[in-house]
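**Q** I'd like to ask some things about the structure below.
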Amino acid sequence: MSGRIVVGYTATKAGADAVALGSRLAVASGASLDLVLVLPNEERSVITPPDPGYDRYLRGQAEQWLAGAAAKVPASVEHREHVRYAESFAEGLTAVADEIGAALIVVGTAQGGARGRHTIGSTSTELLHSSDVPVVLAPKGSRKTDASAAVPRITVAVGTRPGAEALLQTAASLATSTGAAVRLLSLVTVDLPPTVDTGVIRLAGAAHADDVLARAKAELSADVPTEVVVARGDSIETAVRGIEWLPGELVLVGSSRLAQPRRLFLGSTAAKMLRELPVPMIVVPRALGPTVPGATHSVEGDR
Amino acid sequence: MSGHEGAALAPTTDQVEGGLSKKGLSAGTVGLIGAVVIGISCIAPAYTLTAALGPTVSAVGFQVPAIILVGFIPMLLVAFGYRELNRSMPDSGTSFTWASRAFGPWIGWMAGWGLIAATIIVLSNLAGIAVEFLFLLIDQVANTQGAIADLAFDPFINVAVCLLFVLGATFVSYRDMQTTQKLQYILVSFQVAVLLIFAIAAFVHVANGSAFDASPVELSWFNPFAVGSLSAVVAGLSLSIFIFWGWDVTLTMNEETKNPEKTPGRAATLTVLTIVSLYLLISVGLLSFAGTGTKDLGLGNEDIQSNVFFYLSGPILGPFAFLVSLAVLTSSASSLQSTFVSPARTLLAMGHYGALPERFAKVSPRFFTPGFATIVSAVVASVFYAVMRFASEDVLQDTILTLGMMICFYYGITAFACVWYFRRQLWDSARNVFFMLLFPLVGGIILLYLFVQTLIDSMDPGYGSGSNIGGLGLVFILGIAIIAIGIAIMIWQAVTRPAFFRGETLSKDAPASLRRRVA
């Protein structure tokens, strides 16, 4: 994947998490980084009078912050820095990603969660609702993982919904570019109302899972080493908690069926998973646009 | 990467001042209407009038309209100087930065201090007014006949709710939460419409003979010489400085407007015409409805002076009085936010240039606001309000009078800074003679005179609300204390952080004449 990865940066721990994870993905896949700091544009300011002096100060500060972030990127990774003005963080990032044809957008998740876990803030939520590029959520503490650490394995959470093709396609290209193995995962207990007896869920879930996984495996190329696992539990949370993870592993999930085509949206299952995940999660849109990660893209190799 | 990196992206490594990043913004986003809306919501006419009308009547009686008209003159003159300085050195430190560049660090520091003190005082007054109207609004909607409205005058409830207001405004400012443009337009239109209805209703009462103390409108109301005493005019003027305070933002919006040649001038004119007409209409309307008597609803009644709309909206508008409460509340609330920006940005600039600890220069990495400076302003405003609520018999009136004095102080310095900073360019053109020399100089002299005279008059224990400590008027003590504390902190900073005071971070300057360079 010699494409470009957009890192949404803020001078916070969440921002440092995003830079660290972005660097690791760039090292593993040979991509370049675009560190983007989004400043609010003036159009949204309807109460406070504009102040060019303050705006200049803010811009200088933003450049300083970005320089600090750039210093943390490993020397082997090509990187550029951008200050972008937009209505919101999400809007700025998706606009940059569209312009440069980025393969991924990496953001840190909001503060306040437990170490190593995700908590989704309003900015991440907005991004998940609006991006047509896969979004990588860096859990709190990602900055403590070494950037040169490899991506040993990619776990793909498979469902039966539309979007599985895009999901598998992304998984395959990520696996090829990073040299990772693929693990297909199905969670049981999906989609049955909570009032249904748990024994029934288990049975229904197990049959459902084996079927789904078999079909998914058939879709993946034989070149990619693939294993299959079914996680069982009374709830999504307990199911996820029982799974073992390799250090540096990534999880791919498809976006919700409620999302419009080519837009992301985190479904309730993915949201529940996210709270329990100790590893970075990548949310893939239902259908991919022209920018397919790993595919040869026109920006490739520029500069 | 030529094909994909559009002009909108400015890589920081090689293009700091180019393209979109010139000022870092999508230039030219503010149109004429947008500029007027920002101007009106900064002035907050509903709030300003309810706070300033009473004290002005107590100073000049029926001649309020005259004082409003005259008071606009020094404001306008100084605003011209302000505009020149802003064009030459746009900086978030405004008065602080400009005075430092013109007169050096000591005077610059005090100008910054004056600005911060004035904005912090107005923050506490704004929140105080908002509290009274919140209770009044609840009272009107719940129809409890004043039982709830009176709660606002319990000092403990009052201070507690006021602190909540400040806390809310701090939160909103810290996170830079903005309403949508549409909502802001609606709020401003609503405010103006309610004020118009309010004034018209007052005239209708006068015509129907149902007014409280119908007083026929006389031409002498517009004649400043009819006031009689000079110190009354001075007191009235320093109040009318306050009612136009904030108007200058429309003049200083340059680069941001869609048409920098014409929009700022037109916006400022349109704003000021709207504001002056509203002020005149309402002051004349309320004067002829209630007179200047000292009993009941008379505008001379000390008990109602600090918040006249609060007492007059019911008798004038009857069941629709809640509209006035709503207008004042929304006006104070949005003004609270735009006012918060001002001390925070000045504190930030002072921190940046080393005139205050570096912490003040910190920008919140998530919300891009001067976080630390905002919180400090809020804490100081809250403490100030709480202390004043217990120390003064009429906190609102005394804070407004002190405020007028502080505005005269730092605006006066700013006006002189303009003349002195541009001293080598004054004779470059006839335009410069007027806009850099005459206008700011005359404006500055008027403000300086107002400042000194108010200081002298306020020593009288009967000045303002009549609160005094040891026979000295509270307003005088406040004014002197604010300046003395400023000097003390300044000396302390000069000892601990001498670089700024040696002129190392912000040097004195006077741009050379452009004419000589050409010749």
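**Q** Please find, among B:ILE456, B:ILE477, B:ILE487, B:ILE445, the residue that is without any contact (Cβ under 8 Å) to a residue 60 or more places away in the chain and exposed (fewer than 15 other Cβ atoms within 10 Å of the Cβ).
**A** Answer to the selection: B:ILE456.
**Q** How many of the residues in region A:79-106 are of a type in the set (Gly, Ala, Ser) and either more than 21 Å from the chain's Cα centre (by Cα) or facing chain B (nearest Cβ under 10 Å) (or both)?
**A** Residues in region A:79-106 being of a type in the set (Gly, Ala, Ser) and either more than 21 Å from the chain's Cα centre (by Cα) or facing chain B (nearest Cβ under 10 Å) (or both): 4 in total.
**Q** Among (1) closer than 23 Å to B:VAL122 by Cα; (2) modelled with pLDDT of 85 or more, where does B:ALA201 come up short?
**A** B:ALA201 satisfies all of (1) closer than 23 Å to B:VAL122 by Cα; (2) modelled with pLDDT of 85 or more except (1).
**Q** I would also like to ask the following. Among the candidates A:VAL46, A:VAL83, A:VAL77, A:VAL6, which residue alone is touching a helix residue (DSSP H, G or I) at 6+ places or on another chain (Cβ under 6 Å), within 30 Å of B:MET253 (Cα to Cα), at pLDDT 90 or above and of a type outside the set (Gly, Ala, Ser)?
**A** Checking each option against the conditions leaves just A:VAL83.
**Q** Among the numbered criteria (1) of a type in the set (A, V, I, L, M); (2) more than 14 Å from chain A (Cβ to nearest Cβ); (3) more than 17 Å from B:LEU123 (Cα to Cα), which single criterion is violated by B:ILE186?
**A** (2)
**Q** Given the structure, is B:ALA79 in a helix (DSSP H, G or I), touching an Asp or Glu at 6+ places or on another chain (Cβ under 8 Å) and more than 11 Å from every other protein chain (Cβ to nearest Cβ)?
**A** So B:ALA79 passes the test.
**Q** Return the total of residues in region A:1-18 being under 21 Å from A:ASP98 (Cβ atoms) and either over 13 Å from the mean Cα position of the chain (by Cα) or assigned to a helix (DSSP H, G or I) (or both).
**A** Within region A:1-18, residues that are under 21 Å from A:ASP98 (Cβ atoms) and either over 13 Å from the mean Cα position of the chain (by Cα) or assigned to a helix (DSSP H, G or I) (or both) number 7.
Quick grid of which residues meet (1) at pLDDT below 90; (2) more than 11 Å from chain A (Cβ to nearest Cβ):
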| site | (1), (2) |
| --- | --- |
| B:GLY318 | yes, yes |
| B:LEU323 | no, yes |
| B:ARG359 | no, yes |
| B:LYS362 | no, no |
| B:TYR410 | no, yes |
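**Q** Oh, and also: Give the residue, chosen from A:ALA171, A:ALA204, A:ALA181, that is on the phi < 0 side of the Ramachandran plot, modelled with pLDDT under 70 and either crowded, with 21+ Cβ neighbours inside 10 Å or among the aliphatic types (A, V, I, L, M) (or both).
**A** A:ALA204
**Q** Sort through B:ALA142, B:ALA193, B:ALA211 and tell me the only one that's modelled with pLDDT of 90 or more and of a type in the set (Gly, Ala, Ser).
**A** Criteria check complete, one pass: B:ALA193.
**Q** Residues that are under 23 Å from the mean Cα position of the chain (by Cα) and farther than 30 Å from B:VAL141 by Cα: find the helices (runs of 4 or more DSSP H) completely inside region B:256-319 holding 1 or more of those.
**A** Those helices (runs of 4 or more DSSP H) span B:263-290.
**Q** So how many residues does region B:82-110 have that are in a helix (DSSP H, G or I) and either within 14 Å of another protein chain (Cβ to nearest Cβ) or crowded, with 20+ Cβ neighbours inside 10 Å (or both)?
**A** 19
**Q** I've got another one for you. Name, by its number, the condition in (1) modelled with pLDDT of 90 or more; (2) within 14 Å of chain B (Cβ to nearest Cβ) that does not hold for A:THR109.
**A** That leaves (1) as the condition not met.
**Q** Identify, by number, the condition in (1) farther than 19 Å from B:VAL159 by Cβ; (2) modelled with pLDDT of 90 or more that B:ALA386 doesn't meet.
**A** B:ALA386 satisfies every listed condition except (1).
Condition check ((1) over 30 Å from B:TRP245 (Cα atoms); (2) in contact with a Lys or Arg (Cβ under 9 Å, 6 or more places away or on another chain)) across all residues:
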{"residue": "A:GLY3", "(1), (2)": "yes, no"}
{"residue": "A:THR12", "(1), (2)": "yes, yes"}
{"residue": "A:LEU21", "(1), (2)": "yes, yes"}
{"residue": "A:ARG24", "(1), (2)": "yes, no"}
{"residue": "A:ALA31", "(1), (2)": "yes, yes"}
{"residue": "A:ASP34", "(1), (2)": "yes, yes"}
{"residue": "A:PRO49", "(1), (2)": "no, no"}
{"residue": "A:GLY60", "(1), (2)": "yes, no"}
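**Q** In this structure, does B:ALA355 turn out to be assigned to a helix (DSSP H, G or I), among the hydrophobic types (A, V, I, L, M, F, W, C) and either away from every other protein chain (no Cβ under 12 Å) or crowded, with 20+ Cβ neighbours inside 10 Å (or both)?
**A** no
Residue by residue, here is whether (1) assigned to a loop (DSSP other than H, G, I, E, B); (2) at positive phi holds:
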{"site": "B:VAL433", "(1), (2)": "no, no"}
{"site": "B:PHE439", "(1), (2)": "no, no"}
{"site": "B:ILE446", "(1), (2)": "no, no"}
{"site": "B:LEU450", "(1), (2)": "no, no"}
{"site": "B:GLN453", "(1), (2)": "no, no"}
{"site": "B:ILE456", "(1), (2)": "no, no"}
{"site": "B:ASP460", "(1), (2)": "yes, no"}
{"site": "B:TYR463", "(1), (2)": "yes, no"}
{"site": "B:GLY466", "(1), (2)": "yes, yes"}
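**Q** Any chance region B:4-19 includes a residue that's more than 7 Å from chain A (Cβ to nearest Cβ), modelled with pLDDT under 85 and not in a loop (DSSP other than H, G, I, E, B)?
**A** Checked against the condition, which is being more than 7 Å from chain A (Cβ to nearest Cβ), modelled with pLDDT under 85 and not in a loop (DSSP other than H, G, I, E, B), region B:4-19 yields at least one hit.
**Q** Six or more apart or on different chains, Cβ atoms under 6 Å: show the pairs whose first residue is in region A:52-78 and more than 9 Å from chain B (Cβ to nearest Cβ) and whose second is at pLDDT below 90.
**A** Listed pairs, sorted by first residue: A:PRO74/A:ALA147.
**Q** Being within 11 Å of chain B (Cβ to nearest Cβ) and surrounded by fewer than 22 Cβ atoms within 10 Å (Cβ to Cβ) is the requirement here; does A:LEU39 meet it?
**A** Answer is yes for this residue.
**Q** Name the residues in region B:188-227 that are closer than 22 Å to B:THR56 by Cα and assigned to a loop (DSSP other than H, G, I, E, B), would you?
**A** Hits for region B:188-227 are B:ALA211, B:PHE212, B:ASP213, B:ALA214, B:SER215, B:PRO216, B:VAL217, B:GLU218, B:ASN223.
**Q** On the given criteria, is B:LEU115 under 30 Å from B:PRO365 (Cβ atoms) and of a type outside the set (Val, Ile, Thr)?
**A** Yes: the conditions hold for B:LEU115.
**Q** Then there's this: Output the residues belonging to region B:155-183 that are surrounded by fewer than 22 Cβ atoms within 10 Å (Cβ to Cβ), in a helix (DSSP H, G or I) and among the hydroxyl-bearing types (Ser, Thr, Tyr).
**A** B:TYR174
**Q** Could I ask something else about it? Output the number of the condition that B:ARG345 fails; it satisfies all remaining conditions of (1) in a loop (DSSP other than H, G, I, E, B); (2) facing another protein chain (nearest Cβ under 9 Å); (3) in contact with a Gly (Cβ under 8 Å, 6 or more places away or on another chain); (4) not polar (S, T, N, Q).
**A** Only one criterion is unmet by B:ARG345, namely (1).
**Q** Something else about it: Testing B:ALA152 on (1) crowded, with 20+ Cβ neighbours inside 10 Å; (2) more than 19 Å from the chain's Cα centre (by Cα); (3) touching a residue at least 24 places away in the same chain (Cβ under 8 Å), one condition comes back false. Which one is that?
**A** It is condition (3) that B:ALA152 fails.
**Q** So, of the residues in region B:468-519 that are among the small types (Gly, Ala, Ser) and not in a loop (DSSP other than H, G, I, E, B), which turns out to be nearest to the chain's Cα centre (by Cα)?
**A** If we take residues in region B:468-519 being among the small types (Gly, Ala, Ser) and not in a loop (DSSP other than H, G, I, E, B), then B:GLY479 is nearest to the chain's Cα centre (by Cα).
**Q** Now, a different point. So, A:GLU237, is that one among the charged types (D, E, K, R), modelled with pLDDT of 75 or more and closer than 25 Å to A:LEU128 by Cα or not?
**A** yes
**Q** Would you check which residues across region B:111-122 are within 14 Å of chain A (Cβ to nearest Cβ) and either within 24 Å of B:ARG497 (Cα to Cα) or in a loop (DSSP other than H, G, I, E, B) (or both) and list them?
**A** Of everything in region B:111-122, those that are within 14 Å of chain A (Cβ to nearest Cβ) and either within 24 Å of B:ARG497 (Cα to Cα) or in a loop (DSSP other than H, G, I, E, B) (or both) turn out to be B:GLY112, B:LEU115.
The values are calculated or read from the model by the stated rules, or taken from the named source; none is laboratory data. No experiment lies behind these values; they were computed from the predicted model shown. So basically every Cβ, Gly included, is an ideal-geometry build from the backbone, and we count neighbours across all protein chains shown.
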